[in-house]
Amino acid sequence: MPGKLKVKIVAGRHLPVMDRASDLTDAFVEVKFGNTTFKTDVYPKSLNPQWNSEWFKFEVDDEELQDEPLQITVLDHDTYSANDAIGKVYIDIDPLLYSEAATVISGWFPIYDTIHGIRGEINVVVKVDLFNDLNRFRQSSCGVKFFCTTSIPKCYRAVIIHGFVEELVVNEDPEYQWIDRIRTPRASNEARQRLISLMSGELQRKIGLKVLEMRGNAVVGYLQCFDLEGESGLVVRAIGTACTLDKLSNTSAFLPACNSPSKEMKEIPFNEDPNPNTHSSGPSTPLKNQTYSFSPSKSYSRQSSSSDTDLSLTPKTAPSPQGPRIFLFPSSPTLSCDSPHLKKSCLLLSGSSLNPLHSSHVSPVVLRKSVSFTEELLLAASGMGSGSAGKEGGPFKTLLRQQTQSALEQREFPFFTLTTFPPGFLVHVGGVVSARSVKLLDRIHNPDEPETRDAWWAEIRQEIKSHAKALGCHAVVGYSESTSICEEVCILSASGTAAVLNPRFLQDGTMEGCLEQRIEEASPPGCGFCHIPYDELNMPFPAHLTYCYNCRKQKVPDVLFTTIDLPVEAIVIGKGCLIQARLCRLKKKAQAEANATSISNLLPFMEYEVHTQLMNKLKLRGMNALFGLRIQITVGENMLMGLASATGVYLAALPTPGGIQIAGKTPNDGTYEQHISHMQKKINDTIAKNKELYEINPPELPEEIIGSPIPEPRQRSRLLRSQSESSDEVTELDLSHGKKDAFVLEIDDTDAMEDVHSLLTDVPPPSGFYSCNTEIMPGINNWTPEIQMFTAVRVSRLSNINLTNQTLNKNFNDLCENLLKSLYFKLRSMVPCCLCHVNFTVALPEDELVQIAVTAVAITFDKNQALQANKAPTEKSQQRASTDNEDQLQFPLELCSDPLASQPFPPAKEVLEGASSHTGIPAAQRDRCNSWIELIKLKAQTIRRGSIKTTASLDKASPLAEGYLRHRSVPSCTNSTVSVVKMTPLSFLPGAKITKYLGIINMFFIRETTSLREEGGVSGFLHAFIAEVFAMVRAHVAALGGNAVVSYIMKQCVFMENPNKNQAQCLINVSGDAVIFVRESELEMLPVQPSTVVSQPTSSGGDVTT
Amino acid sequence: MTSDLDIFVGNTTLIDEEVYQLWLDGHSVAEAVARRLRGGVLERAGTSVAVLQSDTRDHYRTFQMLERLLHAPPRLLQQLLFQIPPSRQAMLVQRYYAFEESFARELLGKKLSKGTKKDLDEISARTGVSIKSCRRQFDNFKRVFKAVEELRGPLADNIQQLFLLPPPLARDYAAVVFFANSRFETGKRRLQFLTFGDFAACAQHMMLHWTQGALAPEAAEPDGDVPKSFLQDLKELKVLVADKDLLDLHKSLVCTALRGKISVYNEMEANFKPLSRALVNVGGKLTHARDVRDFFVDLVEKVIEPCRSDKWSPADLRLFLGHYTAAPRALPAFRHQALWERYMAVITACLLRMYHD
């Protein structure tokens, strides 16, 4: 029985009038945890009751503490009839369970009712006393920290990144149980909210257990999702990356002692070049390659299908030079089908002696069933035959791969949900890998053994893993999973970026990390990650390779697509921009298998077209790489929608993208020709305009540099070397470069015409605005502290008549463009500003309804500095970033099976020492415990002493907490204004330093109304609900003592309406990390003292404007 | 493709002051969009009418949700639903409670009842203030009236505290409440030349010098009422005009003091008795509710109009009233000096304020 939960109900305010006669309320409160309930006295006849209750104490085991939410119900006492519920507050007490987070939850919480919304507020104080539990078989995982942030949290250092953790739990959805027919909507909603709260608690606990098993102490990039499968149940699933984190001490920058073993690596014998930068070893990487797989389920038994390997499609795009095209399909050599893209692009490889496997056909796509089909975007295969670079890198590459692979292969899935990494961590990036599978939902018979769902995901992950392997990568980063459900059909999707990770961080017992140093040197800063990871001679798909424009040593692809954020060290020219591909496809209404089949049949085409669109739009902006790519395919009754968002940038390492050339089909028609040339001109103008807009002015064209005997001094030696060694290719490359304009759009029918038109309809944001869907906008680094996070939702009805793919596409496109336009308009007062982390979600709630939800943050920046775009600040910020990261970076990836070897005791010690050197502050208070291990030691000591007290750290912390509490609650009883809580989908706040992570916020709300018109129609209803959700998130953060939520995300927004019945219902699921931040300007004035920091939210609350 | 649902919610509530004013002025969404179009926002931001409509609707929805809170401004500060910086909160409250003086002038002295509310369309037509705006302003008056009706202490302070209004606005509200409570007649034709500002100033003087709150903030009577005992005492002042000796003495004192100092000396001397009678009797009548209503009518009819027809300048009036108030000090038989001065302070101030065209 290792925990005591204490709850005190202080007061209420602004309660609704429950007694019409007196215009007052006789309120009391029920406090429930698990199966225990306490009640306060009735506070008669007041809308602002002061209960000031005693401490209600719940003695519970920690498993329960993790699973159960604290449930507070405010009721109106009624002598003659049943008491009326006013509303509830659910408090997740998880943040109180780990040592470094909050010590007390105290503050005003909105009282929420699923029918009436927020009805007044209640002031509650919650504390937990944890006892020690050394039971090795325990089922709880208290102490494991969770972060939504997909990078190493700012005030921590990663000692070890262990890898992928996943779990799912299923249950019956209360909404679909028989009892729902007889209970009130309120009861049903509350049952659902409670169940989901319970399930996510359980899920988190189970994931925590896995982390403990891996000897980690935290989960980073934690993403939890709900699948509302309707009749067949409710699935809550989560993925994340297990890590061992160390809290960074403010004062001492201690060295990462943990990877000392790897430091002493010897040089590799075959590394003959002393110049570190010349090493071009390391898997070289292809650029943009995507591997997709579609797995329509074939067996439509009730038990869900197994994977569908037999449908394979191979649409590939080969955006590349004009001429005959060459396709390589390494994985499915027999496949000769033409994919739709064929008609558009043709490529040719000059100088290469390869024979085309087949030439381009314009024939319609043929879908074939064949063996597992991996679709990739084919790259033009220029330079493929040469392979001389491979010569040098070959053996080394193999070695490297063996080493890292052997290490990573011990993991079932070498996946990382992180999107931002320490510099140097990513050696090479292979490209996007994704897999989708269409499944028929069936009832989950035994919720305790959710095998089918597990199996589904395992299948998909397996597929992802094999795709990554095909790209010569041993790991997948920026990994995420999602579903789209319509009736009984479900599309499961997973995607990530195949990558090769730096073996410096891979501690492999057998290899002794011998390659470490070499690799470190091998990847030149800023371009290494672009180099292809696979063997040129043995490419997984045809690609158009050139020498890296930065280091000139390694091969790079012409385009790179990834799901991760832009690496800090990447060298980018100009600014980035949000690029979206939008697509609709009609499908027949059908049942079960037929439906699943038609969806599976459509998917490949959609993927293909989405990619073509992305590619075209990328070229149109004169850019050559996409980051943060997220492709969402949504299934509805009679259509599929695809929406891909990414941030386009110009990477200095990749070749300048060629333009887009339009070719007409009927060359002899004069007017037609004219039309074509007109279009061509428009396109060229657009490209030129975009280059100017995004400040893309790459140095000089590569041919000249390559041909020139005097390269820039910095690169001279390297270049010379590369010239001498591979002069052959250089000439070859030149040839292909000469053709680099060869991206051709062939206009052969109205469809194609539409496509071209739609290309040109994307309006650039108004001046002063930039947008991206990544964390940071390349080219802007002088952010000012003003931020505005927002959610916008639109539901549009498609006119019923004449629905064709074209009109649908146009409608959808307009919908998105208009939404963006209205965002720019609304935020016009913030100019100059950038919309960051723009996240679109598409849903098809009903037949003709399309729902789009956008969450993003607008951040202002200083225009003057931005205009200059001078190098100095950039470099400085990069430096800062890298020193920042320095501490975080020095971690080994824990791959070895012997845990002891990698146990980071030394760093933990240092932290402690550092802590105790702090004057006047007990170490325990500062970090409570600096690492999991230390915590365990501490606990062990306590136990040995035979005390049953709570840990020392808790005791010490409490006076502070009390003081803090008093400090805060005093003003809140008076007329004080509410403290400001900032929210942002980013992992940081501009101009501020995050000093403490207080725990994860993960909330699920249902709102329902039976008086839709009276509440202002659907817009009024949803507007109020989203405002309420924000308010409840802010209240919880403020109660934890925080002043911001970072990595905020609205994971679900399910809206259903029935205007005829005047009803609507909406479910929203949000999450984020509650933090305390301090303005950098304030920080300088403050002594580095945690106590000041703790009181920060109160003092800064008033004057900070969001 | 029509948008059924279209919303934007910011963590910090976005408030467009221009749209807020349009909303306060009672324009419908369509009218507001038209006005914004004319205002040229489109040219500046380069966007479409649809965007403007959606933006306007969003703001209107926000304001409708905020309105409930604006009814009790302290709640706006405490509420958790909308995160609004304090300066913007103050702006919201101030603008919501701001009123048209022309509208308030019409309403002064009327009972803030349902009946009056029904007649608002007339006032709206007369003043050119839109009916929606009239209703909001009327409801504001009524809400403030109800909230402070029973409270003790200075009216303006109470209003400022309960509605977080800036002090000048709170004082104007106090005047409105005072008039609604005392029901002074203000609508007569001969009072038409008086503005809201005139009346508000008079009300403030009355509250300052006459009401209980001004003397003892803790006193039992609400601030809106002039205490009965004081009004009763005012009858004692009649001795100044009823007693012929006193009246003559008073006149000679004033005349001596003013001789050669004012331009209308002869008119003053000739009219002294009727003037003095009027000035004293206004106070004496205040005990009867019906006569209270005529307070301003009497002042205008019996003091201001005669003076005006004799072409007194405001300086003349000031000088006269000053000496007229001070003279009884020299009257040994007159024992209500303090009462007299408290009474005359208000009358003097009111007259001086009202003495214009």
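The values are calculated or read from the model by the stated rules, or taken from the named source; none is laboratory data. No experiment lies behind these values; they were computed from the predicted model shown. Glycine gets a Cβ as well: all are built from the backbone with ideal geometry, and neighbour counts include every protein chain shown.
Looking only at region B:27-42, filter to residues that are within 12 Å of chain A (Cβ to nearest Cβ) and not β-branched (V, I, T); which one of those is surrounded by the most Cβ atoms within 10 Å (Cβ to Cβ)?
As a first pass, look at region B:27-42 and keep what is within 12 Å of chain A (Cβ to nearest Cβ): B:29, B:36, B:41-42.
Now restrict to residues that are not β-branched (V, I, T): B:36, B:42.
Numbers: B:R36: 21, B:L42: 16.
Among those that are within 12 Å of chain A (Cβ to nearest Cβ) and not β-branched (V, I, T), it is B:R36.
A:Q71: away from every other protein chain (no Cβ under 14 Å) and in a helix (DSSP H, G or I), yes or no?
Values: away from every other protein chain (no Cβ under 14 Å): yes; in a helix (DSSP H, G or I): no.
The answer is no for A:Q71.
Which residues, taken from region A:803-844, are in a loop (DSSP other than H, G, I, E, B) and within 12 Å of chain B (Cβ to nearest Cβ)? Walk me through how you get there before you give the answer.
Start the filter on region A:803-844 by keeping residues that are in a loop (DSSP other than H, G, I, E, B), which leaves A:803-804, A:827, A:831-832, A:844.
Those that are in a loop (DSSP other than H, G, I, E, B) and within 12 Å of chain B (Cβ to nearest Cβ): A:L803, A:L827, A:V831.
So B:S48 clears everything in (1) within 14 Å of chain A (Cβ to nearest Cβ); (2) out of contact with any helix residue (DSSP H, G or I) (no Cβ under 8 Å at 6 or more places or on another chain); (3) more than 30 Å from A:M1032 (Cβ to Cβ) except one condition, right? Which one?
(2)
Consider A:G648 against the criteria (1) buried (at least 21 other Cβ atoms within 10 Å of the Cβ); (2) free of Cβ contacts under 8 Å to residues at least 40 places away in the same chain: it satisfies all of them except one. Which criterion is unmet?
The single condition A:G648 does not satisfy is (2).
Is it the case, given these coordinates, that B:L77 is at the interface with chain A (Cβ under 8 Å from one of its Cβ atoms) and in contact (Cβ under 8 Å) with a residue 40 or more places away in the chain? Give the steps one after another, and end with the answer.
Working: at the interface with chain A (Cβ under 8 Å from one of its Cβ atoms): yes; in contact (Cβ under 8 Å) with a residue 40 or more places away in the chain: yes.
When the stated conditions are applied, B:L77 passes them.
Being of a type in the set (A, V, I, L, M, F, W, C), within 14 Å of chain B (Cβ to nearest Cβ) and in a strand (DSSP E or B) is the filter here, so list the residues in region A:1-41 that pass it. So that I can check it myself, show each step before the final result.
Restricting attention to region A:1-41, the residues satisfying the condition of being of a type in the set (A, V, I, L, M, F, W, C) are A:1, A:5, A:7, A:9-11, A:15, A:17-18, A:21, A:24, A:27-29, A:31, A:33, A:38.
Narrowing further to those that are within 14 Å of chain B (Cβ to nearest Cβ): A:11, A:15, A:17.
Within region A:1-41, A:A11 is the sole residue that qualifies.
Any residue in region A:761-787 that's closer than 18 Å to A:F561 by Cα: show its pairings with residues that are polar (S, T, N, Q) and assigned to a loop (DSSP other than H, G, I, E, B) at Cβ separation under 8 Å, as long as the two are six or more apart or on different chains.
Final answer for the pair search is A:E775/A:S151; A:E775/A:T419; A:E775/A:T420; A:E775/A:S987.
Quick check on B:A125: is it crowded, with 21+ Cβ neighbours inside 10 Å, more than 14 Å from chain A (Cβ to nearest Cβ), among the aliphatic types (A, V, I, L, M) and in a helix (DSSP H, G or I)?
Values: crowded, with 21+ Cβ neighbours inside 10 Å: no; more than 14 Å from chain A (Cβ to nearest Cβ): yes; among the aliphatic types (A, V, I, L, M): yes; in a helix (DSSP H, G or I): yes.
In short, no.
Restricting attention to region A:1045-1059, does a residue exist that is within 11 Å of chain B (Cβ to nearest Cβ), in contact with a helix residue (DSSP H, G or I) (Cβ under 7 Å, 6 or more places away or on another chain) and buried (at least 24 other Cβ atoms within 10 Å of the Cβ)?
yes
To keep it simple, each residue is scored yes or no on (1) more than 14 Å from chain B (Cβ to nearest Cβ); (2) out of contact with any Lys or Arg (no Cβ under 7 Å at 6 or more places or on another chain); (3) part of a strand (DSSP E or B); (4) touching a residue at least 24 places away in the same chain (Cβ under 8 Å).
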site	(1), (2), (3), (4)
A:I1000	yes, yes, yes, yes
A:E1015	no, yes, no, no
A:V1018	no, yes, no, yes
A:M1032	no, yes, no, yes
A:A1035	no, yes, no, yes
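Restricting attention to region B:68-85, and to residues there that are outside any helix (DSSP H, G or I) and under 26 Å from the mean Cα position of the chain (by Cα), which single residue is surrounded by the fewest Cβ atoms within 10 Å (Cβ to Cβ)?
Quick first cut of region B:68-85, residues outside any helix (DSSP H, G or I) only: B:71-72, B:79-85.
Subset that is under 26 Å from the mean Cα position of the chain (by Cα): B:71-72.
On the way: B:H71: 15, B:A72: 17.
If we take residues in region B:68-85 being outside any helix (DSSP H, G or I) and under 26 Å from the mean Cα position of the chain (by Cα), then B:H71 is surrounded by the fewest Cβ atoms within 10 Å (Cβ to Cβ).
Looking at region B:57-67, which of its residues are surrounded by 15 or more Cβ atoms within 10 Å (Cβ to Cβ) and within 11 Å of chain A (Cβ to nearest Cβ)? Spell out how you get there, then give the answer.
Keep residues of region B:57-67 that are surrounded by 15 or more Cβ atoms within 10 Å (Cβ to Cβ), which gives B:57-63, B:65-66.
Within region B:57-67, B:R57, B:D58, B:H59, B:Y60, B:R61, B:T62, B:M65, B:L66 meet the criteria.
Inside region B:256-270, can you point out the residues that are touching an Asp or Glu at 6+ places or on another chain (Cβ under 7 Å) and either assigned to a helix (DSSP H, G or I) or polar (S, T, N, Q) (or both)?
Initially, region B:256-270 is screened for residues touching an Asp or Glu at 6+ places or on another chain (Cβ under 7 Å), giving B:262-264, B:267.
Correct list: B:S263, B:E267.
In region B:110-134, how many residues are modelled with pLDDT of 90 or more and on the phi > 0 side of the Ramachandran plot?
Number satisfying all stated conditions: 0.
Residue-by-condition table, conditions (1) in contact (Cβ under 8 Å) with a residue 40 or more places away in the chain; (2) in a helix (DSSP H, G or I); (3) surrounded by fewer than 21 Cβ atoms within 10 Å (Cβ to Cβ):
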residue	(1), (2), (3)
B:S87	no, yes, yes
B:V93	yes, yes, no
B:F103	no, yes, no
B:D121	no, yes, yes
B:R143	yes, yes, yes
B:A147	no, yes, yes
B:R152	yes, no, yes
B:D172	yes, yes, no
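Only residues that are within 13 Å of chain B (Cβ to nearest Cβ) and either at positive phi or in contact with a Phe, Trp or Tyr (Cβ under 8 Å, 6 or more places away or on another chain) (or both): list them for region A:775-790, please.
Residues of region A:775-790 that are within 13 Å of chain B (Cβ to nearest Cβ), as a first pass: A:785-790.
Listed by number, the residues that qualify are A:M789, A:F790.
Mind checking which residues of region B:1-22 are crowded, with 16+ Cβ neighbours inside 10 Å and more than 14 Å from chain A (Cβ to nearest Cβ)?
Hit for region B:1-22 is B:L22, nothing else.
Can you name the residue in region A:772-786 that is touching an Asp or Glu at 6+ places or on another chain (Cβ under 8 Å) and part of a loop (DSSP other than H, G, I, E, B) and is also farthest from A:K154 (Cα to Cα) among such residues?
Among those that are touching an Asp or Glu at 6+ places or on another chain (Cβ under 8 Å) and part of a loop (DSSP other than H, G, I, E, B), it is A:G779.
Identify the residue in region A:233-249 that is among the polar types (S, T, N, Q) and over 18 Å from the mean Cα position of the chain (by Cα) and, among all such residues, is surrounded by the most Cβ atoms within 10 Å (Cβ to Cβ).
Within region A:233-249, the subset among the polar types (S, T, N, Q) is A:241, A:244, A:249.
Checking which are over 18 Å from the mean Cα position of the chain (by Cα) leaves us with A:244, A:249.
Details: A:T244: 28, A:S249: 24.
Out of the qualifying residues, it is A:T244.
If you scan region A:996-1015, which residues turn out to be closer than 27 Å to A:Y1048 by Cα and of a type in the set (S, T, N, Q)? If you could, list the steps in order and put the result at the bottom.
Keep residues of region A:996-1015 that are closer than 27 Å to A:Y1048 by Cα, which gives A:996-1009.
The answer is A:N1002, A:T1009.
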